[in-house]
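First the structure, in the form of structure tokens, and then the observations on it.
The values are calculated or read from the model by the stated rules, or taken from the named source; none is laboratory data. All values reported here derive from a predicted model rather than from experimental measurement. Methodologically, a virtual Cβ is constructed for each residue, glycine included, from the backbone with ideal geometry; neighbour enumeration extends over all protein chains shown.
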Amino acid sequence: MKPIDVGDRAPDVALPSQGGEQVSPADYRGKNVVVLFFYPKDGTPVCTAEACSFRDAYETFAEAGAVVIGVSSDSVDRHRSFAEEHRLPFLLLADRDGRLRKAFGVPKTLGLLPGRVTYVIDKEGVVRHVFRSQMAAEKHVREALEVVRRLAQSP
């Protein structure tokens with residue numbers, strides 16, 4: 001399956017969040033820009049740095065009309081603990097069977113590790129930016145924020 005890229009429509013797959021409710025990026029169509037970031041695993045150093053960077057910029061994203069959603073294969077319970085421990089104000093989706101990861105075509109790094117990819121999806125559900133980098137966790141936030149600000153300024 002071809003990876004989702006800029007200009008493609010974001011797949012509509014609902015997954016449980018750390019609160020237990022089913023959430024899909026499509027839930028925000030017509031309302032918000034969605035920053036959807038896929039990461040390998042809760043609690044690892046790079047993943048924690050990335051999640052905390054999104055946390056620290058969360059108000060700026062919200063002021064620009066964007067919601068932030070993290071996705072990994074961790075369980076709802078693990079996501080709940082991770083979010084509580086690091087005071088994460090955004091949703092974390094439990095992609096236990098990899099459905100959303102597969103729908104977006106997020107590759108594995110070195111064939112082993114789940115990839116780290118961030119998508120910025122506009123209010124119409126179209127992907128406007130894709131950033132792939134396994135190690136540059138904080139850069140995912142900077143890149144996404146730049147695009148969200150640009151989208152907020154366009155009519």
Q.
Out of 130, 76, I need the residue that is more than 20 Å from residue 29 (Cβ to Cβ) and hydrophobic (A, V, I, L, M, F, W, C). Which one?
A. 76
Q | Unique residue being among the aliphatic types (A, V, I, L, M) and surrounded by 16 or more Cβ atoms within 10 Å (Cβ to Cβ) when the list is 152, 137 | A | 137
Q: Go through region 103-131 residue by residue and tally those that are over 14 Å from the mean Cα position of the chain (by Cα), at pLDDT 90 or above and of a type in the set (D, E, K, R).
A: 2
Q: Just give me the residues in region 13-42 being part of a loop (DSSP other than H, G, I, E, B) and touching a residue at least 40 places away in the same chain (Cβ under 8 Å), in sequence order.
A: 13, 18, 19, 20, 29, 30, 31, 32, 39, 40, 41, 42
Q: Hey, can you tell me all the residues within region 88-105 that are loosely packed, with under 15 Cβ neighbours inside 10 Å and more than 17 Å from residue 50 (Cα to Cα)?
A: 96, 97, 98, 99, 102
Q) Taking region 43-52 only, how many residues are modelled with pLDDT of 95 or more and buried (at least 19 other Cβ atoms within 10 Å of the Cβ)? A) 1
Q) Counting only residues that are of a type outside the set (A, V, I, L, M, F, W, C) and assigned to a strand (DSSP E or B), how many does region 61-76 have? A) 2
Q. Right, residue 10: of a type in the set (A, V, I, L, M, F, W, C) and either over 17 Å from residue 148 (Cβ atoms) or out of contact with any Pro (no Cβ under 7 Å at 6 or more places or on another chain) (or both) or not?
A. no
Q. In region 16-25, which residue that is of a type in the set (Gly, Ala, Ser) and touching a strand residue (DSSP E or B) at 6+ places or on another chain (Cβ under 9 Å) is farthest from residue 124 (Cα to Cα)?
A. 19
(Q) Just to verify a result, which residue in region 62-87, among those that are among the aliphatic types (A, V, I, L, M) and over 13 Å from the mean Cα position of the chain (by Cα), is surrounded by the most Cβ atoms within 10 Å (Cβ to Cβ)? (A) 83
Q.
I'm trying to understand the selection: among the residues of region 132-154, which are modelled with pLDDT of 90 or more and touching a Ser or Thr at 6+ places or on another chain (Cβ under 9 Å)?
A. 144, 145, 148, 149
